[in-house]
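Have a look at the structure below before the remarks.
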Amino acid sequence: MSSISSALHDADKAIKENVKKQREEILPILKELIERVQLFSWALQQNFIDTFYNFTPTKSLEELNYKNRKFNILADYNKLSEDIKIVNEKSETLNEEFCSCCKKLENAMKVFNNLCIVVEGKQILDTASHEFGRYNYVEAMVSIKDLRKQLTSLKFEGNASKALSKLNDQAENQLAMYAAQLSIEWEDIFSWEEKKSVYHLTYSLSIQQSDPILIKNVLKSLYATERLNAELGLFSHFFIDKLLHNVIRHNCNIYTEDYLGALVFNIKIDLNDPNKPNFQTIFNNLTAVFEFLQSTLGQFEDGKNFIQVFAESIRQNFFNKIIKDCIRNNLPSCDSSYENYKNIALELDSFNKFLVDLKFVEANQSPLNKYIENTECVLYRKKCDKLLSDVRNMLGESLSFGTITAGNIADIPNDSVLDSSNCPNSKEILWEINNPVFLSKCKISRNVEKIMSMIIEHLEESTKLPEEYSRQLVMYIRDIAIMYQCLIPKKFKVNLECCPLDIALFFNNCFYLAHSLIGPPWKNILPAFLADLLTTVLLECIQDLRVVGLEKISIYLQAQRNTIVRTIEETELPWTHDSYQTFDAAIKSSLSLMKDLNSSWFNVLPIKMYELSMCTLSQALCQAMLDRIFADSKPISEELVYMLAVRFEDTMAEVTSLFDEDVELDNKINIWVKFSKMPQLLKAQLLEIIDLWRNDKLLLQCYACEEIRQIVKLRFPDDKYRLKILKEIQ
């Protein structure tokens, strides 16, 4: 081993021996301190139980030499903790006995500290009672609140737990008693009342002036114990709902008077004056009210004042009422000049600065800022609010109260695509995105056309103002589109379930609004930035309008289709004269339903939508009739067969009458050819059926082999001749 290694080894050995020696020296002291702490803790616990559970204290804290013993234990513990920390840092191995004693000391000290809290509780309660009697409300209540916070984290067992509960109850009761007394003092200091007469309302705020020190002490105590906002609750409602409400709406007279040591501030509201107060009058009156409260109820020690604390409970409602009932309702009309708004902004700025100086609101958080910084914004916001209000009023009108024709082209292959081949004198002009989109000719509610006219008028006016106002208007237009698709289905719920005309008009209105919001397109009449913004913001609500319009008419069509199918399916089997009469009545009922829709929807819905709707119902009717024919293959009489054939022919004629002459039903109803062939099959003889099966291509395309065989079985008796024919139909 080298000399260096040997030296290091010796040094390491010396350190270990030194640590061991220190540990051995500390261990007896550690055990002795544990014993002292445990003995003293037991005495404190017994004192606590005797005081708050048995109510017969044997030894007082003075007799236990509490202060000195506590001081000595804490001093010895702190010194010993430093020594233990040093030993643990130097030690590389753990000593079980030493560690066990350290842990035991920590547990004993935790119990000791908890017992110190509770045994000192009686002294705290007694001191608080003494201080409260000397009007030192803050010291008394804060000390008990701190004690209660400490007690909530403590847990004992047995009688100590019961004593803890008693101490906690006593502290809570004492605090409640002080709070009640403080409330009584506050009510004596500050009161308010409302006096009513025929033509006047008088609000009086009364503050006692006989003892300024008591006023300050009570306010300080309420604030320190976080009870001031609770005590101001009723006054906050009175201030907002009554005093502020009437100061904004009526002229008033303000005066003060001294009455039995109290300063009374009176606001006399003149209900008989038809003239409304202007901005300056309203703000001057409110300034006087705030200055009275501030001058009489004053400043707290930590820099906060009464108004600042009062504002916490009324700030939001105060500004909401000022903006809604004072500013918005008293702004000049939308046609007024910006100069009028600038004068109002000066008044607002002055009042806002007063509130900021009073610490009612932070300068950068005042809702009045937006009405001060940009007067044009206030004007335009009012214009937009009026637009939204006018639209809401229009939406209350009946869907069918007034209708007009919209769109000017009746036969467009696709309502959303412009095909230049369909436009006269434009075959050489190719379609591109900036060309207008055609709207199919249809009927719409007059109020929807008015709404779009108002929107376009506001858009054109917004181009004369800064860009930010145009952005705001776009958001309002989006709200209008959302409002239409939400309010109308709710307001006219029954109509959109039962009235075909209203259903058709709602569908048209939704598609008209969606089409109109796409624009002429907008880039042709508006600046590029505004056109792009409209396209981006309105994209989703335009699609939603189409969806909700289509949803309502689809639900109604599905219900009518189900009615038609159910009516025909419920006819009896097998075929008899009675079952035929039921079948015939069901068909007549279905055709009557479709004719009613024809009278409500023809020339109201776009032609393509009308055809699609009627073809949907016609398809259901035709399919149900065919299914009824194939539901039973038992032979029936020639008379019934002829009656069924005539019924099919009559149905074809009546369905055809629902459409224009140029409509090709073969392309609109996918089973129309099959349906139209049924009368021919019902009237044909056996050989004719064989001939049709072999030579008629349309028949082969729409009828299956088994269906032809079933018609043969239905029409002809079961004999060898029919069997031969059935074998040939393969």
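The values are calculated or read from the model by the stated rules, or taken from the named source; none is laboratory data. Keep in mind that this is a model prediction, so the values were computed, not measured. Every residue, glycine among them, receives a Cβ derived from its backbone with ideal geometry; neighbour counts consider all protein chains shown. For accessibility, only protein heavy atoms count, side chains too; no ligands or nucleic acids. Shrake-Rupley method; radii C 1.70, N 1.55, O 1.52, S 1.80 Å.
Can V663 be described as within 18 Å of K595 (Cβ to Cβ), assigned by the TED database to the domain that holds L597 and β-branched (V, I, T)? Yes, satisfied.
In the stretch 198-205, the count of residues that are modelled with pLDDT of 75 or more, crowded, with 18+ Cβ neighbours inside 10 Å and under 17 Å from G298 (Cβ atoms) is one or more.
Scanning the stretch 706-717 for residues that are out of contact with any Ser or Thr (no Cβ under 7 Å at 6 or more places or on another chain), surrounded by 10 or more Cβ atoms within 10 Å (Cβ to Cβ) and touching a residue at least 40 places away in the same chain (Cβ under 8 Å) turns up E707, I711, R715, F716. Among the residues of the stretch 686-705, write down those that are part of a helix (DSSP H, G or I), surrounded by 11 or more Cβ atoms within 10 Å (Cβ to Cβ) and more than 60 Å from the chain's Cα centre (by Cα). Of everything in the stretch 686-705, those that are part of a helix (DSSP H, G or I), surrounded by 11 or more Cβ atoms within 10 Å (Cβ to Cβ) and more than 60 Å from the chain's Cα centre (by Cα) turn out to be L686, E688, I689, I690, D691, L692, W693, R694, L699, L700, C705. Just one of the numbered conditions (1) open to solvent by less than 20 Å² (accessible area, probe 1.4 Å); (2) of a type in the set (F, W, Y); (3) modelled with pLDDT of 90 or more; (4) farther than 30 Å from S599 by Cβ is not true of F648: (4). Take I144 and decide whether it is among the β-branched types (V, I, T), modelled with pLDDT under 80 and assigned by the TED database to the domain that holds K110. Yes; evaluated as a whole, the condition is true for this residue.
With respect to K220, determine if the residue is open to solvent by 30 Å² or more (accessible area, probe 1.4 Å), in a helix (DSSP H, G or I), among the charged types (D, E, K, R) and over 30 Å from L243 (Cβ atoms). Walk me through how you get there before you give the answer.
Numbers: open to solvent by 30 Å² or more (accessible area, probe 1.4 Å): yes; in a helix (DSSP H, G or I): yes; among the charged types (D, E, K, R): yes; over 30 Å from L243 (Cβ atoms): no.
So K220 fails the test.
Conditions tested, residue by residue: (1) surrounded by 14 or more Cβ atoms within 10 Å (Cβ to Cβ); (2) among the aliphatic types (A, V, I, L, M).
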residue: I254; (1), (2): yes, yes
residue: F265; (1), (2): yes, no
residue: P274; (1), (2): no, no
residue: Q280; (1), (2): yes, no
residue: F283; (1), (2): yes, no
residue: F292; (1), (2): yes, no
residue: V309; (1), (2): yes, yes
residue: S313; (1), (2): yes, no
residue: N317; (1), (2): yes, no
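Here L154, L167 are screened, and the one residue that is outside any helix (DSSP H, G or I), among the aliphatic types (A, V, I, L, M) and surrounded by 12 or more Cβ atoms within 10 Å (Cβ to Cβ) is L154.
When the stretch 629-639 is limited to residues that are open to solvent by 10 Å² or more (accessible area, probe 1.4 Å) and in a helix (DSSP H, G or I), the one that is farthest from A684 (Cα to Cα) turns out to be E639. Outside any loop (DSSP other than H, G, I, E, B) and assigned by the TED database to the domain that holds F716, is that true of L626? The answer is yes for L626.
Counting only helices (runs of 4 or more DSSP H) that sit wholly inside the stretch 223-325, those with at least 1 residues that are more than 30 Å from Y178 (Cα to Cα) are 245-249, 279-297, 306-321.
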